[in-house]
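Before any comments, here is the structure.
The values are calculated or read from the model by the stated rules, or taken from the named source; none is laboratory data. Source: prediction; values computed, not measured. Every residue, glycine among them, receives a Cβ derived from its backbone with ideal geometry; neighbour counts consider all protein chains shown.
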Amino acid sequence: MDWDISLTKARGDAERFAREAVAEGVDIVGAYGGDGTVMEVAQGLLGSTVPLAIFPGGSANLMSVELGIPKDLGKAAAIAADPDSPTRQVDVGLLGENYFLLRVGMGFAARKVAYADRRLKNRFGVLAYSVAAVKSIKDTKSAHYRITLDGQQVETDGVTCLIDNAGNMGIQGFKPAKDIRVDDGLLDVLLLGPKGLVNLASSGSSLLDADKGVPPIEHWQARQIAIEVDPPQPVQVDGEMVGDTPISAGVLPGALKVIVPKPA
C-alpha cells in the first residue's frame, strides 16, 4: 500500500484535503480525529465513489460507535487495509449549508455543546459534556416548537429537540428510539417534553439516562423538516454551533460510502 498523511491546522483543511485526494485518484480517504473531523472529510467525499475510513481519535467518536468501528487505532487501520472489508452507504443530513452525519440539536442539546468548549474538553475529555450539561440545565426553559414534517405541521412544547441521522448518543447500548438508522433515507425528529427537565436535572450527564427511565419523548420521521421555536433556540450541528432557530433540514440518502467491519 502507498499512503500519504495530511495534517489539518484550521477548519476546512480536512474537506480540502479530501477533495484533493479524490482528484488525485486515491482508493480510500481516511480520517483520524473526532466526529467534527470525520464530517469535514465526508463533505470532501460527497459526490464521489471514494470510501471513507474512520480512525477514531476524538473525544466522543459517536459515528465510529454507530458503525461498529473499534476505537483501537490498530484494529481500525486493519479494517481499512483489508480489501474484503464491506462498505456501507450512509445517509447525510443537510441543514442550510451545513452537512451532518450525527444530529442537529436545539435548546438544551445545543447549550450543552456550547458550554463544552476546548478548555473543558482538554481537562475532562468526554466527561466535558457531563460538566457542561449541569450548567446548561440552569439556562434551559420550555419553548414552543412548530415543526413541519414533509409538509405536515405539528406544534408542541419542549426543552430540547434533535434531528437525528444516527441514533448513537454516547450511552452504551442505548438509543432514544429503536428505529433510528443511519441508512434508512430518513431523518428522525425527537422532542423532549417540559417534564423532561426533571430528568435532565436528576441525571445531568446526558440528554437521556438509561438508568433513570426514559423521559417523555415525541418521535417523528421525515425527509424534509422545518422548525420554528418561540423563543428562538441555539442550534448545534455535529458539535459545532451554527446560530439560532428557525431552521430547515433535509436528507441525502446513501450519499457517503464508509468502510465498516465484517459482520460478526
Next on the checklist: Quick check on this structure: which one of SER85, SER6, SER48, SER59 is assigned to a loop (DSSP other than H, G, I, E, B), surrounded by fewer than 15 Cβ atoms within 10 Å (Cβ to Cβ) and outside the structural domain of LEU127 (by TED's automatic domain parsing)?
Outcome noted: SER6
Checklist entry - Name the residues in the range 230-246 that are touching a residue at least 60 places away in the same chain (Cβ under 8 Å) and not β-branched (Val, Ile, Thr), would you? => result ASP230, PRO231, GLN233, PRO234, GLN236, ASP238, GLY239, GLU240, MET241
Next on the checklist: Would you confirm whether or not the range 59-73 contains a residue that is closer than 19 Å to ASN165 by Cα and free of Cβ contacts under 8 Å to residues at least 60 places away in the same chain?
Outcome noted: yes
Item to check | Every residue from the range 37-51 that is touching a residue at least 60 places away in the same chain (Cβ under 8 Å) and within 16 Å of the chain's Cα centre (by Cα) | outcome: VAL38, MET39, ALA42
Checklist entry - Within the range 91-111, how many residues turn out to be buried (at least 24 other Cβ atoms within 10 Å of the Cβ), in contact with an Asp or Glu (Cβ under 7 Å, 6 or more places away or on another chain) and part of a strand (DSSP E or B)? => result 2
Checklist entry - Quick one: would you say GLY34 is under 14 Å from the mean Cα position of the chain (by Cα) and at pLDDT below 95? => result yes
Item to check | Considering residues of the range 78-123 that are among the hydroxyl-bearing types (Ser, Thr, Tyr) and closer than 30 Å to ALA143 by Cα only, the residue modelled with the lowest pLDDT | outcome: TYR115
Checklist entry - Which condition does PRO232 not pass, out of (1) at pLDDT 95 or above; (2) closer than 15 Å to PHE108 by Cβ; (3) buried (at least 22 other Cβ atoms within 10 Å of the Cβ), if it passes all the others? => result (3)
Item to check | Residue ID - surrounded by the most Cβ atoms within 10 Å (Cβ to Cβ), chosen from residues in the range 235-250 that are polar (S, T, N, Q) and part of a strand (DSSP E or B) | outcome: GLN236
Next on the checklist: Can you say whether ILE28 is crowded, with 20+ Cβ neighbours inside 10 Å, touching a residue at least 24 places away in the same chain (Cβ under 8 Å) and over 13 Å from the mean Cα position of the chain (by Cα), as far as the supplied structure shows?
Outcome noted: no
